[in-house]
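The values are calculated or read from the model by the stated rules, or taken from the named source; none is laboratory data. Remember, it's a predicted structure, so these values are computed and weren't measured experimentally. Cβ coordinates were reconstructed from backbone atoms using ideal geometry, including for glycine residues, and neighbour counts include every protein chain displayed.
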Amino acid sequence: MTTPPAPGSHQPIQGNPYGSPPQGNPYATSYPPQAAQPYAAQPGHPQPYAAQPGHPQPYAAQPGHPQPYAAQPGHPQPAAPYAHPQPYGAPHPGAPLMCRFCGGAPAVPVAFRAHRGILILMTFRKLDGPMCATCGLGAYRTLTTETLWQGWWSPFSLFLFTPFTLLYNLVAARKVKKLQPPVPGQHGQQIDPGVPVHRRPLAYVALVPVLWLLFMIVSGLASGS
């Protein structure tokens with residue numbers, strides 16, 4: 001028998017009166033490891049939101065079922081409320097054309113060209129777009145004058161490109177000469193038309209190749225006779 005302790009004495013308690021402590025983490029779960037990851041891909045158990053064969057996604061494009069906000073034939077999309085304004089020469093449908101240089105009206109689509117020929121080198125320049133009467137006349141006079149004094153100094157330029165360029169500009173100039181000038185105060189800075197072509201000294205440089213060509217023709221006729 002175990003002798004009880006005497007009154008007033010303290011005997012240490014042997015062992016753990018509350019039992020052995022649990023080993024490991026007392027809060028550990030007893031579920032299997034794969035069950036602790038509910039969203040991990042399990043063999044044979046596809047994800048709940050993954051695409052299943054034969055079951056397309058609810059928001060994916062279905063054949064024969066277009067998207068609700070896609071452009072439908074015959075149903076144009078509404079215009080953007082904060083769209084940028086159109087530049088000169090590209091107005092809204094039904095709006096009058098505006099000059100690409102000054103923004104004045106009326107204007108007409110036209111193109112003017114310039115040609116330069118130096119021996120075997122040739123360059124071409126072009127100004128096109130809607131032009132008013134003032135800016136179109138300035139472009140015509142400037143590019144035609146450039147062609148008259150720079151466009152004769154190669155064989156192809158002398159007999160082909162320069163005559164064609166001058167004739168093309170003459171036809172194009174008739175379109176802008178039919179227009180009324182823009183109303184003052186309703187346009188920006190315009191091209192200065194300057195003086196007519198026949199009053200510009202550089203235009204008479206064209207007489208040099210013309211006179212030389214005539215001299216060669218007369219000399220050939222004289223030698224043949």
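Got a sec? Which of Gly194, Gly129 is under 28 Å from Pro96 (Cα atoms), modelled with pLDDT of 90 or more and assigned to a strand (DSSP E or B)?
Gly129
Read through the list (1) in contact with a strand residue (DSSP E or B) (Cβ under 9 Å, 6 or more places away or on another chain); (2) surrounded by fewer than 11 Cβ atoms within 10 Å (Cβ to Cβ), then give the number of the only condition that Gln180 fails.
Condition (1) is where Gln180 drops out.
Name the residue, out of Leu127, Leu119, Leu148, Leu170, that is among the aliphatic types (A, V, I, L, M), free of Cβ contacts under 8 Å to residues at least 40 places away in the same chain, crowded, with 19+ Cβ neighbours inside 10 Å and in contact with a Phe, Trp or Tyr (Cβ under 9 Å, 6 or more places away or on another chain).
Exactly one residue qualifies, and that residue is Leu127.
Can you find a residue that is surrounded by 15 or more Cβ atoms within 10 Å (Cβ to Cβ), under 34 Å from the mean Cα position of the chain (by Cα) and at negative phi anywhere in segment 193-204?
yes
Would you confirm whether any residue within segment 161-168 is of a type in the set (Phe, Trp, Tyr) and either in contact with a His (Cβ under 6 Å, 6 or more places away or on another chain) or within 19 Å of Val195 (Cα to Cα) (or both)?
For segment 161-168, residues of a type in the set (Phe, Trp, Tyr) and either in contact with a His (Cβ under 6 Å, 6 or more places away or on another chain) or within 19 Å of Val195 (Cα to Cα) (or both): present.
Do you know which residues across segment 197-225 are under 26 Å from Cys102 (Cβ atoms), in a helix (DSSP H, G or I) and in contact (Cβ under 8 Å) with a residue 12 or more places away in the chain?
Val197, Leu202, Ala203
Report yes if Gly138 is buried (at least 22 other Cβ atoms within 10 Å of the Cβ) and not aromatic (Phe, Trp, Tyr), otherwise no.
No, not satisfied.
Can you name the residue in segment 134-154 that is small (Gly, Ala, Ser) and modelled with pLDDT under 95 and is also nearest to the chain's Cα centre (by Cα) among such residues?
Among those residues, the one meeting the criterion is Gly151.
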